[in-house]
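Colleague: Pasting a structure here, questions to come.
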Amino acid sequence: MTEVRQEVSLGMPQLPAPAYPAEVRARLEADAKEVIARYPDSRSALLPLLHLVQSEEGYVSRTGMALCAELLGLTTAEVTAVATFYSMYRRRPSGDYQVGVCTNTLCAVMGGDAIFDRLKQHLGVGNNETTEDGKVTLEHIECNAACDFAPVVMVNWEFFDNQTPESATQLVDDLIAGRTVEPTRGAPLCSYKETARILAGFPDQRPGAVEATGGAGPASLVGLRLAKGEELHRKVVAPRGEAARAEAPQDRPQPGAEHLSSHDAPQQTSASDPDHPAGPAAEEGE
């Protein structure tokens, strides 16, 4: 587990941030000018510039914020206020893979809490901490607008849907071992630094990566299909249980018949955590 040291302030002024090496600064300045030129007001380039400096060090350092402030004519306080507001900007060194477990309401009751607890124990880290080998940073995250695929795990902001504690454990083991993993939806995985550069607005140069991004999953498009007047099956969610599946028409696709992710979990029940099944709440007094 990466040790997190708490700095104690003695009231002394903080020393200026160290400068980037000359070659690094020259490269970042060239990229920054390209980003700034996209906006009529240079201040609007702050968000992508923060992603740009994050792509250099894997987090937004004081050096990176100082460079953003200098290039945009802002104070470091103004840049710091933005960098500390958005959770996608890391404030300390992080791993090659940012593994985020959604623990918002629906994902939580579907097993997200169990997944997060399992990964903390398996990796030996807490929230926002990094494994000793620098491979994985674990954090719980808020809703990623993928509730119909709950519980969801994200790796460098790519989706791994319908996870269980077992499949999520296998996922992080594969990441640490350097094995190839495939998101359920979206582009192939790349490192966190590479992801930050793409978020800064630079094209993904990997062959086929852009074409692989795809769109929303089938469950997310049901409402759109209904709005267009398309005829759907009477049951959007198939009956659960062996008997119900046996009675279902054979030409109807069954849940779990196709999993696009190498770590997609079987959708056997509504709850991924068998010890805390999600069921109807009892009335008060029962």
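The values are calculated or read from the model by the stated rules, or taken from the named source; none is laboratory data. Model, not experiment: these values are computed from the prediction. Note that we place each Cβ from the backbone using ideal geometry, even for glycine, and neighbour counts take in every protein chain shown. Accessible surface is based on the protein model in full, side chains and every heavy atom, while ligands, DNA and RNA are left aside. Shrake-Rupley method; radii C 1.70, N 1.55, O 1.52, S 1.80 Å.
Colleague: State the number of residues belonging to region 72-128 that are hydroxyl-bearing (Ser, Thr, Tyr), assigned to a helix (DSSP H, G or I) and surrounded by 22 or more Cβ atoms within 10 Å (Cβ to Cβ).
Modeller: Let us first name the residues in region 72-128 that are hydroxyl-bearing (Ser, Thr, Tyr), namely 75-76, 80, 84, 86-87, 89, 94, 97, 103, 105.
Subsequent filtering for residues that are assigned to a helix (DSSP H, G or I) retains 76, 80, 105.
Narrowing further to those that are surrounded by 22 or more Cβ atoms within 10 Å (Cβ to Cβ): none.
Count: 0.
Colleague: Among the residues of region 163-176, what is the count of those that are outside any helix (DSSP H, G or I) and open to solvent by 20 Å² or more (accessible area, probe 1.4 Å)?
Modeller: Step one: list which residues in region 163-176 are outside any helix (DSSP H, G or I), which gives 163-164.
Keeping just the survivors that are open to solvent by 20 Å² or more (accessible area, probe 1.4 Å) gives 164.
Adding up the residues that qualify gives 1.
Colleague: While we're looking at this one, here's another question. For residues in region 15-57 being in contact (Cβ under 8 Å) with a residue 12 or more places away in the chain and in a loop (DSSP other than H, G, I, E, B), which is farthest from Glu129 (Cα to Cα)?
Modeller: Here the residue is Arg38.
Colleague: Pairs, please: C-beta under 6 Å, at least 6 apart or cross-chain, first residue farther than 21 Å from Thr195 by Cα and in region 158-175, second hydroxyl-bearing (Ser, Thr, Tyr) and open to solvent by 10 Å² or more (accessible area, probe 1.4 Å)?
Modeller: As it stands, the answer is Thr164/Ser272, since those pairs meet every condition given.
Colleague: Please find, within region 134-154, the residue that is surrounded by the most Cβ atoms within 10 Å (Cβ to Cβ) out of those that are over 12 Å from Arg185 (Cβ atoms) and β-branched (Val, Ile, Thr).
Modeller: Per the criteria, the residue is Val153.
Colleague: A further question follows. Could you check Pro239 against (1) at pLDDT below 80; (2) farther than 19 Å from Ala150 by Cα; (3) open to solvent by 30 Å² or more (accessible area, probe 1.4 Å) and say which number it fails?
Modeller: (2)
Colleague: Within region 58-66, can one find any residue that is of a type in the set (Phe, Trp, Tyr) and assigned to a helix (DSSP H, G or I)?
Modeller: Within region 58-66, the first condition is being of a type in the set (Phe, Trp, Tyr), and the residues that meet it are 59.
Applying the additional criterion that residues be assigned to a helix (DSSP H, G or I) yields none.
No, because not a single residue in region 58-66 is of a type in the set (Phe, Trp, Tyr) and assigned to a helix (DSSP H, G or I).
Colleague: Looking only at region 210-221, decide whether some residue is at pLDDT below 95, part of a loop (DSSP other than H, G, I, E, B) and charged (D, E, K, R).
Modeller: Restricting attention to region 210-221, the residues satisfying the condition of being at pLDDT below 95 are 210-221.
This time we only want the ones that are part of a loop (DSSP other than H, G, I, E, B), so: 210, 214-217.
Now drop any that are not charged (D, E, K, R), which leaves none.
Scanning region 210-221 turns up no residue that is at pLDDT below 95, part of a loop (DSSP other than H, G, I, E, B) and charged (D, E, K, R).
Colleague: Sticking with this one: Quick check on Arg179: is it outside any helix (DSSP H, G or I) and of a type in the set (Lys, Arg)? Give the steps one after another, and end with the answer.
Modeller: Working: outside any helix (DSSP H, G or I): yes; of a type in the set (Lys, Arg): yes.
Yes, satisfied.
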